[in-house]
Amino acid sequence: MNEQLFQNKTKQLMSLNGQTVRIIVSEPWDWKEILFGKILSDRGGNKLLVKLTKPLTGDKLTSDLIELSPRYEKTTFKTLLQHYSVTVAGALVTENPGEFDYIIIGSVILD
């Protein structure tokens, strides 16, 4: 029983779900604010779905959900757990599959 509790606790510590993140936007270059949100899901280390603290308006969508993908090949979000930042591309998304609006390039870090 103690071994199972230890494994469950370790798995929780290794999960990004529920973690608060800070997104520092580098493009568009005239972006003025830092974004904050909570990770709703970690999609295999290759995509994060983040619920932002406030909705953003892009060219096509207004949403408080942003999907982050690593900007560079062979990069994953696992390094966030070691307190490193990851350079990302971000797209506003909705709950309807296929609706997205690329909006930012920046860096994400656990807050």
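The values are calculated or read from the model by the stated rules, or taken from the named source; none is laboratory data. No experiment lies behind these values; they were computed from the predicted model shown. Reconstructed Cβ throughout: ideal geometry from the backbone, glycine too, with neighbour counts over all protein chains shown.
Descriptive notes on the structure:
- Set side by side, the residues VAL25, VAL50, VAL93, VAL86 differ, and just one is touching a helix residue (DSSP H, G or I) at 6+ places or on another chain (Cβ under 7 Å) and among the aliphatic types (A, V, I, L, M), which is VAL86.
- Tally of residues being among the β-branched types (Val, Ile, Thr) and in contact with a helix residue (DSSP H, G or I) (Cβ under 8 Å, 6 or more places away or on another chain) across the stretch 96-111: 2
- PHE100, sole failed condition from (1) under 13 Å from the mean Cα position of the chain (by Cα); (2) surrounded by 13 or more Cβ atoms within 10 Å (Cβ to Cβ): (1)
- When the stretch 67-82 is limited to residues that are in contact with a Gly (Cβ under 6 Å, 6 or more places away or on another chain) and not charged (D, E, K, R), the one that is modelled with the lowest pLDDT turns out to be THR76.
- Filter result for the condition that a residue is at pLDDT below 95, over 8 Å from the mean Cα position of the chain (by Cα) and either charged (D, E, K, R) or surrounded by 14 or more Cβ atoms within 10 Å (Cβ to Cβ) (or both), over GLY44, GLY58: GLY58
- Total residues in the stretch 83-102, condition β-branched (Val, Ile, Thr), more than 11 Å from SER26 (Cβ to Cβ) and at pLDDT 95 or above: 2
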